[in-house]
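The values are calculated or read from the model by the stated rules, or taken from the named source; none is laboratory data. From a predicted model like this one, the values you see are computed outputs, not experimental measurements. We place every Cβ from the backbone using ideal geometry, glycine too, and count neighbours over all the protein chains shown. Surface accessibility is based on the protein's heavy atoms, side chains included, excluding ligands, DNA and RNA. Shrake-Rupley method; radii C 1.70, N 1.55, O 1.52, S 1.80 Å.
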Amino acid sequence: MNSVRCQIKFQYKKLCVYTVCIILLFCYVGTIAQAQTRSQVNVQGTYAIGGYDPVAYFTKGEPIQGIESLYYEYKGARWLFASEEHQSLFITNPEQYAPQYGGYCAYAIARGYFATIDPSAWTVDKDKLYLNFSRSIKRRWEREISENIEKGNAYWTMLFTKKDHQ
């Protein structure tokens, strides 16, 4: 009788492990499929990062709405700028000013999913711009910023290879 119980317990545990593996596989495949249908840049409305000037976060220390006539096409998206100077700085070195993770919510990317952003929920860390879904999410992001950046970088690399970024 005990050996039958042991066998049943063993089979049950085995079934649980298989179930978890299948669920994880579907999650992984779903995430890859989601990334393949997503743009590399967070386009909200018509413009990258909702039309906000990415350079302003560095030079003015605040989000500033860009002007429609001052734009630059980069990574398949239209980026707006508040001044010709900002436009020129971005054109000269877009990798310096473009937000990390394509302008998607950095906290979400670090957890394996995509989310839009609130332009006022931002952080510059080590000369890199990170945008987040909301100010409360930004505070969560900043509590463990180094770990979140490490996770976000790993996840982003998995989704988009260096070849895709060029």
* For R38, enumerate residues with amide H under 5 Å from its amide H, sequence gap 5+ or separate chain, H modeled in the peptide plane. => none
* To do: Compute the FRET efficiency between K126 and R78 as 1/(1 + (r/R0)^6), taking r as their Cβ-Cβ distance and R0 = 25 Å, and round to the nearest 0.05.
  => 0.35
* Rounded to the nearest 0.05, what FRET efficiency do Q44 and Y113 give with R0 = 22 Å and r taken as the Cβ-Cβ distance? Could you check? => 0.85
* To do: Please give the residues of segment 96-124, grouped as numeric ranges, whose backbone N is less than 15 Å from a label point set 7 Å along the Cα-to-Cβ vector of R135.
  => 118-123
* Structure fact -> Computed ³J(HN,Hα) along segment 129-138: with the Karplus parameters 6.51/-1.76/1.60, θ = phi - 60°, integer Hz and x for glycine or proline, the list is 8, 10, 10, 9, 5, 7, 5, 5, 5, 4
* **Whole-Hz ³J(HN,Hα) from phi, Karplus 6.51 cos²θ - 1.76 cosθ + 1.60, for segment 91-105, glycine and proline x** => 4, 5, 8, x, 5, 5, 9, 5, x, 5, 6, x, x, 6, 4
* To do: Could you pull out the GluC sites (Glu not before Pro) across segment 78-148 that fall in loop regions by DSSP (anything but H, G, I, E, B) with no more than 15 other Cβ atoms inside 10 Å?
  => E144
* To do: Quote to one decimal, in nm, the extra length available between E68 and I145 on full extension: 0.36 nm per residue of separation minus the C-alpha distance between them.
  => 24.4 nm
* Å² of accessible area per residue within segment 38-135, as computed with a 1.4 Å probe and no ligands counted -> 44 Å²
